[in-house]
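Everything below concerns the one structure shown next.
Only the coordinates and a few stated rules stand behind these numbers; no lab work does. All values reported here derive from a predicted model rather than from experimental measurement. Here Cβ is always computed from backbone atoms with ideal geometry, including for glycine, and neighbour counts include all displayed protein chains.
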């Protein structure tokens, strides 16, 4: 199941005040009863994961859906040659993250999840979410949000690769999350927009000169 090394991941007890961020986010999207909320949050666990940690490895079975309180997560397909890794998505603060296809099927993941900065997650396990499904109305809502997020990550990259130039893809990413590009290495950005690191360097120089 890909248990995390305690030296790279710490677990913290949750209090009501600690859950304001996820509550504010979900309140924008749906009305959640107090009973549902209390049961759901009783199943959450906070995980603080160090920078540059692979917290779901290739062929591990995803056992969590997580809400990112802070940090940046990369979704990528590893290769024997690290230079050929395929980065196909990033997830940021106030977004749900999971290898959701593996989570749903409980089969090995075809990709990995890695933190690019120290990252704090609120996580619920597969078994606990099944209980939330049975006892509340919000379980399916959480599952849907995660599924939509994963779909949008993949769909957005695919459409951008088909419809935009490499320079347009880079500018779009920069406009979307300018402050977070500081924590994403250029080699991951170049993989995400589908160019070599050298080509990305040329794009950046052109943008600086305009």
Relative packing of peptides 46-58, 162-174 - highest average C-beta neighbours within 10 Å first: 46-58, 162-174
Debye-sum result for region 131-206 in log10 I(q)/I(0), which assumes one identical scatterer on each alpha carbon, at q = 0.20, 0.23, 0.25 Å⁻¹: -0.86, -1.05, -1.17
Residues residue 127 and residue 107, FRET efficiency given R0 of 22 Å [Cβ-Cβ distance, rounded to 0.05]: 0.85
Inter-label distance, nm, simple model (7 Å from Cα along the C-beta direction), residue 94/residue 209: 3.8 nm
For the pair residue 186 and residue 20, how long in nm is the line joining their label points, each one 7 Å along Cα→Cβ? 4.0 nm
Please report how far the C-alpha centroid of region 67-114 lies from that of region 161-190, rounded to the nearest whole angstrom. 17 Å
For helix 166-176, report the angle its Cα long axis makes with the longest principal axis of the Cα atoms of the chain; keep it between 0 and 90° and round to the nearest 10°. 40 degrees
